[in-house]
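S.K.: Before we start, here is the structure in question, set down as structure tokens.
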Amino acid sequence: MDQMVSEYRALRSSVLRLWLANHRMDAEHDMQDMIRFNEAIDQALIESIATFGQAAESTRKTVLGVLGHDLRSPLGAVLMASDLLLGSENLAAREKKLAAQINASVRRANHMVGDLLDLARSNLGGGIPVNPEDADLRALCASVVGELRIGFPRAQIITNASDAVTGMYDPARMEQVFTNLISNAVRHGDLEQPINVTLSRGDDGAVFSVQNRGELIPSSVMPHLFNPHARYSSYATREKGASAGLGLGLFIAAEIVSAHGGKIEVVSTVEQGTVFKVLLPIT
Ligand SMILES: Nc1ncnc2c1ncn2[C@@H]1O[C@H](COP(=O)(O)OP(=O)(O)OP(=O)(O)O)[C@@H](O)[C@H]1O
Ligand SMILES: [Mg+2]
């Protein structure tokens, strides 16, 4: 857009320069011509900016509409049906296994659609909206860990004992942060070694951390780790197959944390392993 405007400007000034070089500016009609030319260029510029803006706005609406409704509704229906199927008693073992597979896949697809919706929202409107309310991070974290233990029975997720950590947080969004960070440890870390999850209430606020072993995150990737665009083409695409993610998990976690006034720190070294630390104010 900026580039388009400056090209228009350059075009206008070079035309005017040519004009001045070839004309003596004393004749009244020359002056009129030049004013008309200026007006025509301005009009064209205004019109094309308006058209461009409309196109961008309608793309935005389409993306949000498709993701938010058109895809979510059928996925929701499949999810509900597979939940029912899973719960039904007169299924043979083979059918039960298939139903479980459908359920897991549709959950994953639903999750990805949610991530894309968050990306679209935040790229186009500035941040992911959060609705803070009185919430206990301890309880939210425990429920996420419980779910992940069921989903990944091989993972050894160790949690520390802590008191309630209450404050003003968006519960669903904070669950999303915990899920994204702990499931990263499970999916990208070494499952033979324990994953340490801690939550505590410090003097400066709440601190949540996840530590895992396994392949380290290269330092060259660190600056782009939370940037959804820089990372699409580089690091995230390396992981192939059904388990490959969209590479949005960390970006979304960081957006949610920053919407709460907090931040995420990360280290990945041989000594410490990979540690993601979320620092949140207690309000
Ligand atoms: N705990 C971790 N240990 C090792 N590598 C990690 C860890 N967390 C993230 N990474 C690396 O950073 C990349 C980006 O993580 P991110 O959560 O943003 O995307 P993803 O997990 O690939 O996909 P998605 O979360 O969208 O399903 C991962 O692909 C992985 O290579
Ligand atoms: Mg992830």
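S.K.: Give me the extension gain from F52 to T159: residue separation times 0.36 nm, minus the current Cα-Cα distance, reported in nm with one decimal.
M.R.: Taking 0.36 nm per residue and subtracting the Cα distance, the gain is 33.4 nm.
S.K.: Right, something else. Sorted from largest to smallest, which semi-axis lengths in Å does the alpha carbon gyration tensor of segment 83-145 give for its equivalent ellipsoid, taking the root of 5 times each eigenvalue?
M.R.: Semi-axes, largest first: 33, 19, 8 Å.
S.K.: Can you give the local net charge around N38? Use residues other than it whose beta-carbon is closer than 12 angstrom to its beta-carbon, Lys and Arg +1, Asp and Glu -1.
M.R.: Here the charged neighbours net out to 0.
S.K.: Could you work out the Rg to Rh ratio of the chain, with Rh taken as the Kirkwood radius (inverse of the mean 1/r over all Cα pairs)?
M.R.: 1.17
S.K.: What is the fewest-to-most order of T51, T198 by other Cβ atoms lying within 10 Å of their Cβ?
M.R.: Working: T51 10, T198 17.
Going from sparsest to densest Cβ surroundings: T51, T198.
S.K.: In whole Å, what three semi-axes, largest first, describe the equivalent ellipsoid of segment 133-280 built from its Cα gyration tensor (square root of 5 times each eigenvalue)?
M.R.: Each semi-axis is the square root of five times an eigenvalue, giving 24, 18, 15 Å.
S.K.: Looking at the chain, identify the longest residue range that excludes and avoids all trypsin sites (Lys or Arg not before Pro) in DSSP loops having at most 15 other Cβ atoms within 10 Å.
M.R.: 25-153
S.K.: Taking every alpha carbon pair in segment 1-126, what does the distance histogram look like in 10 angstrom bins from 0, in percent?
M.R.: Percent of Cα pairs in each bin: 11, 22, 16, 13, 11, 10, 8, 5, 3, 1.
S.K.: Modelled label-to-label distance, S14 and M168, 7 Å Cα→beta-carbon offset: nm?
M.R.: Result: 5.6 nm between the two label points.
FYI, it's all coordinate maths here, none of it is from the lab. Note that the structure is predicted; figures quoted are calculated from it, not measured. Neighbour counts are summed over all protein chains in view; Cβ atoms, including those assigned to glycine, are modelled from backbone coordinates with ideal geometry.
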